[in-house]
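Taking it in order: structure first as structure tokens, then the write-up.
The values are calculated or read from the model by the stated rules, or taken from the named source; none is laboratory data. Quick caveat, the model's predicted, so the values are computed rather than measured. Neighbour counts run over all protein chains shown; Cβ positions are idealised from the backbone, glycine included.
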Amino acid sequence: MLKLGRCVHLLARCTNQTSSFARTLASGGTDITKPFRQIRDGLSWTIPKDLQNSDRPPGEVDVLIIGGGAMGSSIAYFLKAARKAGVSVAVVERDSGYSMSSTVLSVGSIRQQFSTPENIYMSMYSAQFIKNVQEHLQVEGSDPPDLQFNDQGYLFLATKDKEHILHENHIIQKNCGAKVELMTQNQLKKRFPWMNTDNVTLGSYGLENEGWLDPWSLLKSFKEKAIDLGAKYYNAEVTGFNVVDDDAKPIDPTQFAPNGRRLNSVMVSMINSPEVVEVKSSYVVLTAGAWSGQLGKLLGIGTGPKEENLHMPIPVEPRKRYVYFFHCPEGPGLECPLLIDPSGSYVRREGFGGNYLCGKSPNECDEPSCEDLNVNYDFFDTEIWPNLAHRIPVMEKLKVKSAWAGYYDYNCLDQNAIIGSHPAYGNFLMATGFSGHGIQQSPAVGKLVSEKILAGEFQTIDVSKFGFERCITETPVLERCVI
Amino acid sequence: MLTLLSVSISTIVLINVKKWNWNALFVALAMMTFLSITTVNNSGSASWSFLSHSLAVDSLSAPLIILSCWLAPLCFLAQNVVKGNSGSLQNGFLALTCSIIFFLLLTFSSLNILSFFICFEATLIPTLVLITRWGANVERLQAGTYFLFYTLFGSLPLLVSIVLISQTTSTLMIPISEIVSLQGNTFFSINIWWVITIVAFLVKMPIYGFHLWLPKAHVEAPVAGSMILAAILLKLGGYGIIRMNAYFPDVTTLSAILTVICCWGALITSILCTRQTDLKALIAYSSVGHMSLVAAGTIVFSDWTISGAIMLMVAHGLVSSALFALANILYERTHTRNIFITRGFKMITVLLPFWWLISCAANLGLPPLPNLIGELYIITGIISWSIFLAPILGVATVFGAIYSLLIYQSTNTQSIVLSSMNFSEISPREHILILFHLLPLLSIIVAPNSCMVWSN
């Protein structure tokens, strides 16, 4: 009797599911591929539901990515997009709302005007990726992603004494194939009549592959496509590492050869729960943004002996930067580029209603504290507005509508990325320290890190100059165009 | 025979000794192995030796009994300790593995079809527990389910057939199976009877259509479980078909169809192997390919193919088990089975590429190793039965060579990621493990009659 009732109940559930599928089809609903995906995913047949939708990371995974921002999601996407490799990827992100992540709080711009060729190549690759993002990141059954990419150049302005820097950078950029042009004072006056070109003698204007986009859409597209391809995201926090120390031999510090240490597993503690899962992984990629230095300390990077290359910490720390959103009724319109004043302030158009975004990196001695993300409006009044008003006279009349603050994952050594593995732990990769130009390099970094894991070396662009070794020998690779 | 069994039972008793569990067990099983070699029957005739009331050994079961006894201590050498488990759980692991070996010995030496069937089924439960309790990933639950239900559904028809045989012939003794004649009611019913008899073994071997449980079970099982599964449990199928075929001398229709299915299965599986990303799944699919060939050989049932089948079963058991042990050596250190990540270990693991080379060469059928002899005998027999299967078997062999070399090349000679190669050294235990897998292959080269069957 009971059996009969159960059979009827199961049958009702089956018909219910099929009828809801039929209803979705009939109503032209968008997610018709969900039942097919469920069939394709064979595990759903025999594993109990609560084990399938588990929030806990598995006991074993091929690549564990710490931090699920733009960098982490990009690496997850590229690892899974290399489908023939079939690696299993787990991304551990402790803040599912991304409230303090540098990715979503960023201004989201992309430029080719760097002074290090590797940076230029990475941005060029990313610009190509972003322009073709609908081909790369579209998930079956939903709309193609829209990053709202505004193709509009950067304009770096230089006074007489800094002119030579701009010239040198321009030669490097031209050699790399970036489309940038130098403009004299007269050309600037003619092209941008609203600009005050008093003490400006040279300008460097990007003609192609520069602009700004919506970083939240980029993150969301990477994450959704990675999940669709099979990467798993877990809302948890990494709290420890287990290291296997077979035959750890002291090595010659001038030679970055591996010693006997290996990162064996990662302790992942679940949010709001005392549970800690030990995840054994073959590779661990650190993309925790501003908190990478902290996580490195958990692994002993910075507190270990010099013979094992563990004496230098990961030199990445959070630095707070403010972004102000204001309305200027008579401001420059569509032709307004991302203008960077010789004083360091930048301003760009946002939308088409006379709104603008601006900001400035403070001097070393005036760094605001990173306790929280509160905005200091006095900074705008004293540091930014005078420069803006001087450069663009109509901006004397403006009204600040809102502002926010975000963290730069600031590389204290040379404000350039750290991409590569740590000499002491061969299977511990890092992609952090982007100091404000992370979003524009995230697709390229994703591709490069996935190549490092799957092919053993960087194939698209050789970024070995950005390895962690330079942090140990303290030889900075300085970037001159830091905003 | 009774000595063998008593030694094997005593191993289960030894488990309760508190200290020296694994080592004592290893010694006891090694003693049993050396005793078992006395069962080898080199006279080349179909005689039964070690005859007792219900157990005996003939030239078909002798190599397989030696194989099971040989693999037993090697399993314990491979899975040296089950980390992190309490003492009673470790005892459980040892007890399960020993019981599998005990039932295997009974299966291969039983003289009664029903007792053969009971022991055949009895090996299922400990293997299932081994996979689902000591496997590493969450997929092991699905693997256990597939393994259990495929094999169970396969063997229900076998039970029906055994009951039918005992009703019609009123005897279930194996030695007189050739002179018993089974009368079907219609022409076709003898074919159906034959199919329901051997479908259990076809699922166990497995052949291509019924093979889904094998990659799952092999990948999720712990290394001792994988080794036993690959080496011996699969051979139960081959042994069963050869024994049961004696009752059905004139099934031509369905046997033709099944032979063709097995040959195509070997081809398809070999092609599938080249696209696997998981090292253990690759080796598992290669097992399916080799066993499909063995199945085809046993169904054709000529002198040459049966001899080839036994030779290939023994050789494949040793080589497949060696490959699983090698894969586990890498897996213990890198925690991944993905072939794109476990790559290029030639410079790092010092002597291991040598063992990899021999195992992969044996897998692809390199003369004078017995894998080639077995394959050659089977292929010759099948081609003489029907020339149209020649291109299929030829391409299957070529793909077999392709994926075996792929295994060797990707784990040893691919471009390495030097910085992630922090490895502990390969211990002598692991070297001895692989050496003892490959030594019997060499000894079979000089004494092939031990693995060839009687000439009727």
Could you go through the stretch B:436-447 and let me know if any residue there is in contact with a helix residue (DSSP H, G or I) (Cβ under 9 Å, 6 or more places away or on another chain), modelled with pLDDT under 95 and more than 16 Å from residue B:311 (Cα to Cα). yes
Does the stretch B:272-293 contain at least one residue that is more than 20 Å from the chain's Cα centre (by Cα), β-branched (Val, Ile, Thr), within 13 Å of chain A (Cβ to nearest Cβ) and farther than 24 Å from residue A:58 by Cα? yes
Pull up the stretch B:124-144, narrow it to residues that are modelled with pLDDT under 90 and more than 12 Å from residue B:221 (Cβ to Cβ), then point me to the one that is surrounded by the most Cβ atoms within 10 Å (Cβ to Cβ). B:142
Test residue B:63 against the criterion of being crowded, with 20+ Cβ neighbours inside 10 Å, at pLDDT 80 or above and in contact with a Leu (Cβ under 9 Å, 6 or more places away or on another chain), and give yes or no. no
Number of positions in the stretch A:385-437 that are within 14 Å of chain B (Cβ to nearest Cβ) and of a type in the set (Val, Ile, Thr): 1
Residue B:224 being farther than 30 Å from residue B:176 by Cβ and touching a residue at least 40 places away in the same chain (Cβ under 8 Å): yes
Out of the stretch A:260-288, which residues are under 25 Å from the mean Cα position of the chain (by Cα), of a type outside the set (Gly, Ala, Ser) and either assigned to a strand (DSSP E or B) or surrounded by 15 or more Cβ atoms within 10 Å (Cβ to Cβ) (or both)? A:263, A:266, A:267, A:268, A:270, A:279, A:283, A:284, A:285, A:286, A:287
Six or more apart or on different chains, Cβ atoms under 8 Å: show the pairs whose first residue is in the stretch A:277-290 and more than 12 Å from chain B (Cβ to nearest Cβ) and whose second is among the charged types (D, E, K, R) and surrounded by fewer than 24 Cβ atoms within 10 Å (Cβ to Cβ). A:277/A:56; A:290/A:317; A:290/A:319
In the list B:203, B:199, B:195, B:180, which residue meets the criterion of being in contact with a helix residue (DSSP H, G or I) (Cβ under 6 Å, 6 or more places away or on another chain), outside any helix (DSSP H, G or I) and hydrophobic (A, V, I, L, M, F, W, C)? B:180
Taking residue A:451 as the residue in question, decide whether it is modelled with pLDDT of 90 or more, touching a Ser or Thr at 6+ places or on another chain (Cβ under 9 Å), surrounded by fewer than 20 Cβ atoms within 10 Å (Cβ to Cβ) and closer than 30 Å to residue B:342 by Cβ. yes
For the stretch A:63-87 the number of residues that are surrounded by fewer than 23 Cβ atoms within 10 Å (Cβ to Cβ) and of a type in the set (Gly, Ala, Ser) is 4
Yes or no: the stretch B:79-97 includes at least one residue that is in contact with a His (Cβ under 9 Å, 6 or more places away or on another chain), away from every other protein chain (no Cβ under 14 Å) and either free of Cβ contacts under 8 Å to residues at least 24 places away in the same chain or not in a helix (DSSP H, G or I) (or both). no
Quick one: residue B:95 ticks every box in (1) at pLDDT 80 or above; (2) under 26 Å from residue B:452 (Cβ atoms) bar one, so which box is it? (2)
Could you list, in sequence order, the residues of the stretch B:136-161 that are within 14 Å of chain A (Cβ to nearest Cβ) and not in a loop (DSSP other than H, G, I, E, B)? B:140, B:141, B:142, B:143, B:144, B:145, B:146, B:147, B:148, B:149, B:150
Taking the stretch B:162-177 and the residues there that are touching a residue at least 40 places away in the same chain (Cβ under 8 Å) and not in a helix (DSSP H, G or I), the one that is surrounded by the fewest Cβ atoms within 10 Å (Cβ to Cβ) would be B:173
Those residues of the stretch A:105-139 that are touching a strand residue (DSSP E or B) at 6+ places or on another chain (Cβ under 8 Å) and on the phi < 0 side of the Ramachandran plot come to a total of 12
Members of the stretch A:77-109 that are farther than 17 Å from residue B:340 by Cα, aliphatic (A, V, I, L, M) and in a loop (DSSP other than H, G, I, E, B): A:100, A:104, A:105, A:107
Apart from one, (1) buried (at least 16 other Cβ atoms within 10 Å of the Cβ); (2) part of a helix (DSSP H, G or I); (3) of a type outside the set (Val, Ile, Thr) all hold for residue A:138; the odd one out is (2)
Going through (1) more than 14 Å from every other protein chain (Cβ to nearest Cβ); (2) at pLDDT 90 or above; (3) within 22 Å of residue B:392 (Cα to Cα) one by one, residue B:232 fails only at (3)
